[in-house]
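Q: Submitted below is the structure of interest, expressed as structure tokens.
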Amino acid sequence: MNLTSIPAFQDNYIWSLSNEEGQCLIVDPGEAAPVLAALEKNSWQPVAILLTHHHHDHVGGVKELLKTYPDLPVYGPEETRDKGANVLVGEGDKVAILGCEFSVYHTPGHTLGHISYFSHPYLFCGDTLFSGGCGRLFEGTPRQMYESFQKLNKLPENTLICCAHEYTLSNMKFAHAVLPQDVEIDRYYQQIKELRAKNRVTLPVTLANERKINIFLRTQDTDLQRTLGYETSPQHEWQVFATLREKKDNF
């Protein structure tokens, strides 16, 4: 399978997964034009669209794409019913596309109905888990997003995180400000600064990498807990997560 990120808007990525026969699936097409251009350039034939949530920058191109490909199945959560989804899916469902079986996970936080799709090694997680960071809480609670992170963190370490925005540099700047002495965070922050200075894409990344540098996945870290003023205890983990999200909102 060939994984491709299609840039859209200012910092979105629309993901495409294609096989050797030129069939492909499209994830979160916020606008149609770059998708149609990629289809033509690569001689791809779309066989499905996957939607993670209802925000316009993830679904805005669906209806236009369906004008060209009217029989295309569009998988999505209930909240995308009026955004073009014609096959509604949720927690525990399986979606078979291109010889892959995608498991659907309910990952609320960014929105209440947000879902993620996983077929090893690909994780299409929309605006839930970002490299070095976490999605904003527009509808859900910090506890919900924390639990969504725990769910995704149980996936294999070589899982490829295919999130929907190029936020890595700003996320690592925040992580470095929180834990400036952390060797792994400093190393990765410098690496990402170099990549973005060359306008290079920082995604996808492995879950193994994120476990080292994403402070939202490190709520059990005693240094992080002490830095944020918590006694070191597992019971404080989701509160550490909530504090981090609040600090990032105001960073």
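The values are calculated or read from the model by the stated rules, or taken from the named source; none is laboratory data. All values reported here derive from a predicted model rather than from experimental measurement. Using ideal geometry, Cβ is built from the backbone for each residue, glycine included, and neighbour counts are taken over all protein chains shown. Quick note on the areas: whole protein, heavy atoms, side chains included, nothing else; ligands and nucleic acids left out. Shrake-Rupley method; radii C 1.70, N 1.55, O 1.52, S 1.80 Å.
Q: Of all residues in the stretch 132-175, which are touching an Asp or Glu at 6+ places or on another chain (Cβ under 7 Å), closer than 14 Å to LEU217 by Cβ and among the small types (Gly, Ala, Ser)?
A: Across the stretch 132-175, the qualifying residue is only GLY135.
Q: Scan ARG211, ARG226 and give me the residue that is at pLDDT 95 or above and open to solvent by 30 Å² or more (accessible area, probe 1.4 Å).
A: Values: ARG226 fails: at pLDDT 95 or above.
On inspection, the qualifying residue turns out to be ARG211.
Q: With the structure loaded, tell me whether TYR189 is surrounded by 14 or more Cβ atoms within 10 Å (Cβ to Cβ) and free of Cβ contacts under 8 Å to residues at least 60 places away in the same chain or whether it fails that test. Let's see the steps before the verdict.
A: Details: surrounded by 14 or more Cβ atoms within 10 Å (Cβ to Cβ): yes; free of Cβ contacts under 8 Å to residues at least 60 places away in the same chain: yes.
It is true that TYR189 is surrounded by 14 or more Cβ atoms within 10 Å (Cβ to Cβ) and free of Cβ contacts under 8 Å to residues at least 60 places away in the same chain.
Q: Also, quick follow-up: Before we move on, is SER131 under 18 Å from LEU25 (Cα atoms), in contact with a helix residue (DSSP H, G or I) (Cβ under 9 Å, 6 or more places away or on another chain) and open to solvent by less than 10 Å² (accessible area, probe 1.4 Å)?
A: In short, no.
Q: Which fully enclosed strands (runs of 3 or more DSSP E) of the stretch 4-113 have 1 or more residues being under 18 Å from ILE161 (Cβ atoms)?
A: Numbers: elements: 12-18, 23-27, 45-50, 74-76, 94-97, 100-106.
Qualifying strands (runs of 3 or more DSSP E): 12-18, 23-27, 45-50, 100-106.
Q: Follow-up. Regarding the stretch 221-241, can at least one residue be identified that is under 19 Å from the mean Cα position of the chain (by Cα) and under 18 Å from GLY132 (Cβ atoms)? Give the derivation first.
A: To start, the set of residues in the stretch 221-241 that are under 19 Å from the mean Cα position of the chain (by Cα) comprises 241.
Subset that is under 18 Å from GLY132 (Cβ atoms): 241.
Yes, there is a match, as at least one residue in the stretch 221-241 is under 19 Å from the mean Cα position of the chain (by Cα) and under 18 Å from GLY132 (Cβ atoms).
Q: Turning to a different aspect of this structure: Which residues, counting only those in the stretch 114-163, are assigned to a loop (DSSP other than H, G, I, E, B) and closer than 19 Å to MET1 by Cβ?
A: First, the residues of the stretch 114-163 that are assigned to a loop (DSSP other than H, G, I, E, B): 114, 120-121, 127-128, 131-132, 135-141, 153-159.
The answer is HIS120, PRO121, LEU155, PRO156, ASN158, THR159.
Q: Now for a separate question. Just to be sure, is LEU66 surrounded by fewer than 24 Cβ atoms within 10 Å (Cβ to Cβ) and over 17 Å from PHE9 (Cβ atoms)? Talk me through it step by step, then tell me what you get.
A: Numbers: surrounded by fewer than 24 Cβ atoms within 10 Å (Cβ to Cβ): yes; over 17 Å from PHE9 (Cβ atoms): yes.
Taking the combined requirement at face value, the residue satisfies it.
Q: Oh, and also: Specify which of the listed residues (ARG196, ARG200) is assigned to a helix (DSSP H, G or I), closer than 29 Å to TYR13 by Cα, at pLDDT 95 or above and open to solvent by 30 Å² or more (accessible area, probe 1.4 Å).
A: Values: ARG200 fails: assigned to a helix (DSSP H, G or I).
Step by step, each of ARG196, ARG200 is checked, and only ARG196 is assigned to a helix (DSSP H, G or I), closer than 29 Å to TYR13 by Cα, at pLDDT 95 or above and open to solvent by 30 Å² or more (accessible area, probe 1.4 Å).
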